[in-house]
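*Asks:* A single structure is presented below for examination.
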Amino acid sequence: MESPRDTATAERRQQANRPRPVASAPRPPLRVVSAAPEPEIDPGDLKNPALYINRELSWLEFNQRVLAQALDATHPLLERVKFLSIVATNLDEFFMIRIATTQKALREGIGDVAPDGYNTERQLHAMWARSVQMLEDEAACWDTLRPLLEAERIVLLEADQWTPEIREYLQAYFSREICPVLTPLAFDPGHPFPLISNLSKNFAVVVRHGGRTKFARVKVPDVLPRFIPIPEPLCPTKALTFVFVEDVIRANMHELFPGTQVKASHLFRIVRDADLAIEQDEADDLLESVDRSLKQLRNGPIALLHVGTDMPARVLRILVENFEATEDIVVRTPHRLGFGDWMGLTKIHRPELKDPPFLTRSPWRCDDDPEVIFDQIRDQDQLVHFPFESFASVEGFLHAAVKDPHVIAIKMTMYRIGANAPLIDLLIEAAEAGKQVAVLVELKARFDERNNIIWARRLEAHGIHVVYGFADLKTHAKLCLVVRQEPEGIKTYVHTATGNYNPATAKVYTDLGLFTADPQIVADVAEVFNYLTGYSNQKEFRGLLVAPLQLRTRLSELIAREGEHARAGHEARIIIKVNAITDDQMIRQLYRASQAGVSIDLIVRSICSLRPGVPGVSENIRVRSIVGRFLEHHRIYYFLNGGHEEMYIGSADLMERNLDRRVETLTPVRDADILEHIRDVVLGSYLKDTDRAMVLDASGHYQRPEESAGNFNSQQFLLQHYTEQKSD
């Protein structure tokens, strides 16, 4: 059993975080992103580090804003538990990628100074300190949520709360359900130190055997539920009651080591470096290279060793030495490990403790006549907005392409395919029907590499042309092209989007998709596919902005053009909605536009390295972040252009990787009604949000916007807007 919590500290923490009634529930305070800029900044020196917020600390503050949702009493209780789980999973990924990469850079002596002035050593120190604090914040949040769950008759028992009847039940449960899947692994001269897998929870077990003290490791397998339900008759309060699987294993550890004395068992958890590296000169077969690199990551360096405070120095030293690590990656805690597992609690069937469900609409259904679907797209561009509208629109489009005998070819990019992939089945059906099908599967989609390899091999097995893109570029663009033989000749239809072809994420990510038969756009998309699947020197496109070819240049020109309008005395306006802004060159472009008098609104979900509101530099720039029920994900670029408005939607954020090291597309929105809808309804609602928005100021703080007459929740407004459209 883990050592007892510091009761006094827990009580103080719980008292400080206890939510008030919904009507007056305060929003949790948010932390400073970084130090305020110098009082005096030369407007001519746009490379001054004081003008840039550190990207890593900015991301951590985004995660803190997500954690604030878990502490916000206006959310249903199980949704708050969901937010806690998301924060923990996000932080794991931060350790696996950002901290691990910085640790590696420090080991290799890479000391580049970032635009914000941080060198590698200072960067790692700041990231580590803030991340360790966030681990504590997760535990404090759980201390707040746990009694609220108990008040709703959802109880999680500590081992010292088990009754004799519960203990007897759990002993039988362990023997029947848990013990058969556990494998104790000894560690001694005859047994090498076992492989400890990434993100796994393990026990370091100390046993007395043959007159000597020995050590073993017992992994807590992921196939076991973290929360084990207790039958209602055994629960004194008749509440829905659970116990933690690690407590059940620890209480019955002696059954795994018969004839020995189990002296102690100490839970620990590791996070490994998971940043996939592909050597370009070794990437003759990209699939095999990715597969090989994934196997190497199983033994990757340890970025975090998370242990209980009760772990003795001798046991910890054994772990550190065998991980070939140093003690500066160790974090001790008296709390539970791995709050990402708390997502399991959200499966509890208590609808009143969750967000209410909603119905979605689609411009067509899978069983619609394909002729009708293609006629609609040919007559007018069609916009869909997830999750407020249904992913069935994409499935229906591809289904029509499969069933229509006039369709002769389908081309598609796949980035995050997901575990459930109905589009894969449709592509296979199309190939088996004799249509030409080509799919680019991005094997290097972070954390989806293994899944994408499996799907790629399945597609190949059914005769589909599968390409993997480039060794040095990720293909992040979201494109689907359908070629149809019509009476007047070949006609091409395109779907282009801001989000992945993934039905699961389409239910929780806000994304836009555009169906079009615009001749210039479909010609551009066809040439992008030629660039991806063959050899092409294409550098210019008719309307599409394509990275890494000309996206950076064209965006710079569009921003500069607004500056020219402002200097000429015309109204100038830019609205950009993205996930992140970190590219220092693009930030300087926006600073110059602000200095010229352009009014700029940036809606940035997570990282923002741009510092708004600095006199003489960015006083015309406003930055806000929306964190709510859905994950903000669409990228939208709007330019007033002297009244001749231009708008683009697509897959690219304002980050160096998106502009220079990925294949990305931004598609022009040419339909006036769709442009007006995105500008006024979508962007307009986010700019009015006073409920889920946080506004970034010049000092690096995120603050609540000034209250207007009542709170305005943009996501709730959009839900209602599309629901009313559906009912019409």
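The values are calculated or read from the model by the stated rules, or taken from the named source; none is laboratory data. In this text, all values refer to a predicted model and were calculated from it rather than measured experimentally. Here Cβ is always computed from backbone atoms with ideal geometry, including for glycine, and neighbour counts include all displayed protein chains.
*Asks:* Specify the residue that is nearest to the chain's Cα centre (by Cα); the eligible residues are those in region 395-414 that are buried (at least 22 other Cβ atoms within 10 Å of the Cβ) and over 17 Å from Arg484 (Cβ atoms).
*Replies:* Only one residue tops the list, namely Met414.
*Asks:* Here's a follow-up. Leu337 passes all but one of (1) in a helix (DSSP H, G or I); (2) surrounded by 19 or more Cβ atoms within 10 Å (Cβ to Cβ); (3) assigned by TED's automatic domain parsing to the domain that holds Asn198; which number fails?
*Replies:* (1)
*Asks:* With the checklist (1) surrounded by 16 or more Cβ atoms within 10 Å (Cβ to Cβ); (2) in contact with a Phe, Trp or Tyr (Cβ under 7 Å, 6 or more places away or on another chain); (3) not small (Gly, Ala, Ser) in hand, flag the one item Leu544 doesn't pass.
*Replies:* The one condition Leu544 does not meet is (2).
*Asks:* Evaluate the following for Leu514: is it in contact with an Asp or Glu (Cβ under 8 Å, 6 or more places away or on another chain) and without any contact (Cβ under 8 Å) to a residue 60 or more places away in the chain?
*Replies:* Values: in contact with an Asp or Glu (Cβ under 8 Å, 6 or more places away or on another chain): yes; without any contact (Cβ under 8 Å) to a residue 60 or more places away in the chain: no.
Considered against the rule, which asks whether it is in contact with an Asp or Glu (Cβ under 8 Å, 6 or more places away or on another chain) and without any contact (Cβ under 8 Å) to a residue 60 or more places away in the chain, Leu514 comes out as no.
*Asks:* Quick check on this structure: which one of Glu460, Glu527, Glu486 is acidic (Asp, Glu), in contact with a strand residue (DSSP E or B) (Cβ under 7 Å, 6 or more places away or on another chain) and surrounded by fewer than 18 Cβ atoms within 10 Å (Cβ to Cβ)?
*Replies:* On the way: Glu527 fails: in contact with a strand residue (DSSP E or B) (Cβ under 7 Å, 6 or more places away or on another chain); Glu486 fails: in contact with a strand residue (DSSP E or B) (Cβ under 7 Å, 6 or more places away or on another chain).
Result of the check over Glu460, Glu527, Glu486: Glu460.
*Asks:* Residues of region 52-94 being out of contact with any strand residue (DSSP E or B) (no Cβ under 8 Å at 6 or more places or on another chain) and within 22 Å of Glu121 (Cα to Cα), which ones? Lay out the reasoning, then the answer.
*Replies:* Of the residues in region 52-94, the ones out of contact with any strand residue (DSSP E or B) (no Cβ under 8 Å at 6 or more places or on another chain) are 54-57, 59-60, 63-64, 66-91, 93-94.
Correct list: Asn54, Arg55, Glu56, Leu57, Trp59, Leu60, Leu91, Glu93, Phe94.
*Asks:* State which residue is farthest from Leu443 (Cα to Cα) when the search covers only region 639-649 and only residues that are touching a residue at least 40 places away in the same chain (Cβ under 8 Å), of a type outside the set (D, E, K, R) and in a strand (DSSP E or B).
*Replies:* Only one residue tops the list, namely Phe639.
*Asks:* Among the numbered conditions (1) assigned to a loop (DSSP other than H, G, I, E, B); (2) surrounded by 21 or more Cβ atoms within 10 Å (Cβ to Cβ); (3) outside the structural domain of Trp455 (by TED's automatic domain parsing), tell me where Trp342 comes up short.
*Replies:* Here Trp342 meets the rest and fails (1).
*Asks:* Glu664 is checked against (1) in contact with a Phe, Trp or Tyr (Cβ under 8 Å, 6 or more places away or on another chain); (2) of a type outside the set (A, V, I, L, M, F, W, C); (3) modelled with pLDDT of 95 or more; (4) over 24 Å from Gly563 (Cα atoms) and fails just one. What number does that condition carry?
*Replies:* In the conditions (1) in contact with a Phe, Trp or Tyr (Cβ under 8 Å, 6 or more places away or on another chain); (2) of a type outside the set (A, V, I, L, M, F, W, C); (3) modelled with pLDDT of 95 or more; (4) over 24 Å from Gly563 (Cα atoms), Glu664 misses (1) alone.
*Asks:* Taking region 577-597 as the search range and keeping residues that are assigned to a loop (DSSP other than H, G, I, E, B) and at negative phi, which one is surrounded by the most Cβ atoms within 10 Å (Cβ to Cβ)?
*Replies:* Here is the first cut: in region 577-597, the residues assigned to a loop (DSSP other than H, G, I, E, B) are 579-580, 582-583, 597.
Still in the list and also at negative phi: 579-580, 582-583.
Working: Asn579: 20, Ala580: 21, Thr582: 28, Asp583: 22.
Going through the qualifying residues, I end up with Thr582.
*Asks:* While we're here: Which one of the conditions (1) in contact with a Lys or Arg (Cβ under 9 Å, 6 or more places away or on another chain); (2) surrounded by fewer than 18 Cβ atoms within 10 Å (Cβ to Cβ); (3) aromatic (Phe, Trp, Tyr) does Phe358 fail to meet, given that it meets all the rest?
*Replies:* With respect to (1) in contact with a Lys or Arg (Cβ under 9 Å, 6 or more places away or on another chain); (2) surrounded by fewer than 18 Cβ atoms within 10 Å (Cβ to Cβ); (3) aromatic (Phe, Trp, Tyr), Phe358 is out only on (1).
*Asks:* OK, next. Could you give every pair whose Cβ atoms fall below 6 Å, whose first residue belongs to region 106-128 and is aromatic (Phe, Trp, Tyr), and whose second residue is at pLDDT 90 or above, counting only separations of at least 6 or pairs across chains?
*Replies:* Qualifying pairs under 6 Å: Tyr118/Asn54.
*Asks:* Scanning for something closer than 30 Å to Asn452 by Cβ and assigned by TED's automatic domain parsing to the domain that holds Leu719, does region 554-569 turn up at least one residue? Quick ask: steps written out before the conclusion?
*Replies:* Taking region 554-569 first, the residues closer than 30 Å to Asn452 by Cβ are 554-555.
Going one step further and asking which of them are assigned by TED's automatic domain parsing to the domain that holds Leu719, we end up with 554-555.
Yes, that holds for at least one residue.
*Asks:* How do the pairs read when you match residues in region 188-207 that are in the same structural domain as Leu267 (by TED's automatic domain parsing) and on the phi > 0 side of the Ramachandran plot with residues anywhere that are of a type outside the set (Phe, Trp, Tyr) and outside any strand (DSSP E or B), using Cβ under 7 Å and keeping only pairs 6 or more apart or on different chains?
*Replies:* Leu199/Asp92
Per-residue answers, yes or no, for (1) closer than 30 Å to Ile97 by Cα; (2) buried (at least 18 other Cβ atoms within 10 Å of the Cβ); (3) in contact with a His (Cβ under 6 Å, 6 or more places away or on another chain):
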residue	(1), (2), (3)
Arg153	no, no, no
Asp160	no, no, no
Thr163	no, no, no
Leu170	no, yes, no
Asn202	yes, yes, no
His209	no, no, no
Ile230	no, yes, no
Pro236	no, no, no
Phe244	yes, yes, no
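Condition check ((1) of a type in the set (A, V, I, L, M); (2) touching a His at 6+ places or on another chain (Cβ under 8 Å); (3) closer than 19 Å to Ile603 by Cα) across all residues:
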{"position": "Gly642", "(1), (2), (3)": "no, yes, no"}
{"position": "Met647", "(1), (2), (3)": "yes, no, yes"}
{"position": "Ala652", "(1), (2), (3)": "yes, yes, yes"}
{"position": "Arg657", "(1), (2), (3)": "no, no, no"}
{"position": "Asp660", "(1), (2), (3)": "no, no, no"}
{"position": "Glu664", "(1), (2), (3)": "no, yes, no"}
{"position": "Asp680", "(1), (2), (3)": "no, no, yes"}
{"position": "Ala693", "(1), (2), (3)": "yes, no, yes"}
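*Asks:* Scan region 417-437 for residues that are touching a strand residue (DSSP E or B) at 6+ places or on another chain (Cβ under 8 Å) and among the small types (Gly, Ala, Ser) and report the count.
*Replies:* 2
*Asks:* Could you check Asp222 against (1) closer than 26 Å to Pro312 by Cβ; (2) at pLDDT below 95 and say which number it fails?
*Replies:* So Asp222 meets the others, but not (1).
*Asks:* Same structure, new question: Could you count how many residues in region 547-568 are part of a loop (DSSP other than H, G, I, E, B) and either touching a residue at least 60 places away in the same chain (Cβ under 8 Å) or crowded, with 19+ Cβ neighbours inside 10 Å (or both)?
*Replies:* Matching residues across region 547-568 total 2.
*Asks:* The conditions are (1) of a type in the set (Val, Ile, Thr); (2) closer than 18 Å to Val546 by Cβ; (3) touching a Pro at 6+ places or on another chain (Cβ under 9 Å), and Thr667 fails exactly one of them. Which is it?
*Replies:* Unmet condition: (3).
*Asks:* Would you check if there is a residue in region 598-605 being outside any strand (DSSP E or B), over 27 Å from the mean Cα position of the chain (by Cα), over 30 Å from Asp472 (Cβ atoms) and in contact (Cβ under 8 Å) with a residue 12 or more places away in the chain?
*Replies:* yes
*Asks:* Give the residues of region 400-433 that are closer than 14 Å to Ile454 by Cβ, of a type in the set (A, V, I, L, M) and in a loop (DSSP other than H, G, I, E, B), sorted by residue number.
*Replies:* Once the filter is applied, which keeps residues that are closer than 14 Å to Ile454 by Cβ, of a type in the set (A, V, I, L, M) and in a loop (DSSP other than H, G, I, E, B), region 400-433 yields Ile417, Ala419, Ala421.
*Asks:* So, one more: What's the total number of residues in region 316-327 that are touching a residue at least 40 places away in the same chain (Cβ under 8 Å) and surrounded by fewer than 18 Cβ atoms within 10 Å (Cβ to Cβ)?
*Replies:* Residues that pass the stated criteria total 3.
*Asks:* Please tell me if Glu571 is in contact (Cβ under 8 Å) with a residue 12 or more places away in the chain, out of contact with any helix residue (DSSP H, G or I) (no Cβ under 6 Å at 6 or more places or on another chain), farther than 18 Å from Ala698 by Cβ and not in a helix (DSSP H, G or I).
*Replies:* yes
*Asks:* Out of the residues in region 174-184 that are in contact with a strand residue (DSSP E or B) (Cβ under 8 Å, 6 or more places away or on another chain) and surrounded by fewer than 17 Cβ atoms within 10 Å (Cβ to Cβ), state the one that is farthest from Ala216 (Cα to Cα). Lay out the reasoning, then the answer.
*Replies:* First, the residues of region 174-184 that are in contact with a strand residue (DSSP E or B) (Cβ under 8 Å, 6 or more places away or on another chain): 182-184.
From the residues that got through so far, the ones that are surrounded by fewer than 17 Cβ atoms within 10 Å (Cβ to Cβ) too are 183-184.
Working: Thr183: 10, Pro184: 7 Å.
Per the stated criteria, the residue is Thr183.
*Asks:* Looking at (1) surrounded by fewer than 18 Cβ atoms within 10 Å (Cβ to Cβ); (2) in contact (Cβ under 8 Å) with a residue 60 or more places away in the chain; (3) within 22 Å of Ala506 (Cα to Cα), which is the only condition Pro351 fails?
*Replies:* Result: Pro351 passes all but (2).
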